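Here the structure is laid out as structure tokens; the discussion comes afterwards.
The values are calculated or read from the model by the stated rules, or taken from the named source; none is laboratory data. Note that the structure is predicted; figures quoted are calculated from it, not measured. All Cβ positions, even for glycine, are placed from backbone atoms using ideal geometry, and neighbour counts span all protein chains on display.
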Amino acid sequence: MKQIWIVDDDEEMGRAVSLMLRLLDCQTRHFLNARIAAQTLLAGGRPDMMILDINMPEVSGLDMLEFLRRRKEWKDLPVIMLSSEAADVTVDQAMQIGADGYVMKPVTIDELEKVMSQAFYKHIL
């Protein structure tokens, strides 16, 4: 069973995504900010995938993604960005930093499953 970390400051969105992931037979852990997720990684935790909200206080999802991609131990961790921001420049920036997928809020279970499958496939190759 895959362990997916959701990093989103919106508790309701975190619960909704967590429920969808459990329906897809995944275990989840929800973090309300990127700082706590990073501390958990540094303490030795490691998910099979991370889903990051872009707009969060203190540390944005893009900052967290950049942190992950600069460290060799998490460079290959599949990361999907989840955001209500549809601006092409933001999507492009996330993909250039190293996101494996980008989904818009509100997300459907079918969309989430498709993007997750693509992200896992990229890391198998």
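Of all positions in region 51-62, at least one carries a residue that is surrounded by fewer than 18 Cβ atoms within 10 Å (Cβ to Cβ) and under 13 Å from the mean Cα position of the chain (by Cα). Residue pairs whose Cβ atoms lie under 7 Å apart, sitting 6 or more positions apart in sequence or on different chains, and linking a residue in region 75-97 that is more than 19 Å from residue 9 (Cβ to Cβ) to a partner that is crowded, with 16+ Cβ neighbours inside 10 Å and aromatic (Phe, Trp, Tyr), are 91/102; 95/102.
Within region 32-43, residues that are farther than 18 Å from residue 12 by Cβ and basic (Lys, Arg) have Cβ atoms under 7 Å from residues that are surrounded by 15 or more Cβ atoms within 10 Å (Cβ to Cβ) and at pLDDT below 95 in no pair, counting only partners at least 6 apart in sequence or on another chain.
Hey, does region 73-80 have a residue that's part of a helix (DSSP H, G or I), closer than 21 Å to residue 38 by Cα and modelled with pLDDT of 95 or more? Before the answer, list the steps.
Start the filter on region 73-80 by keeping residues that are part of a helix (DSSP H, G or I), which leaves none.
Within region 73-80 (the criterion being part of a helix (DSSP H, G or I), closer than 21 Å to residue 38 by Cα and modelled with pLDDT of 95 or more), the answer is no, since none of the residues qualifies.
Just one of the listed residues (10, 25, 48) is more than 23 Å from residue 117 (Cβ to Cβ) and either crowded, with 19+ Cβ neighbours inside 10 Å or charged (D, E, K, R) (or both), and it is 10.
When we screen 115, 103 for residues that are assigned to a helix (DSSP H, G or I), surrounded by 14 or more Cβ atoms within 10 Å (Cβ to Cβ), within 13 Å of the chain's Cα centre (by Cα) and not hydroxyl-bearing (Ser, Thr, Tyr), the only hit is 115.
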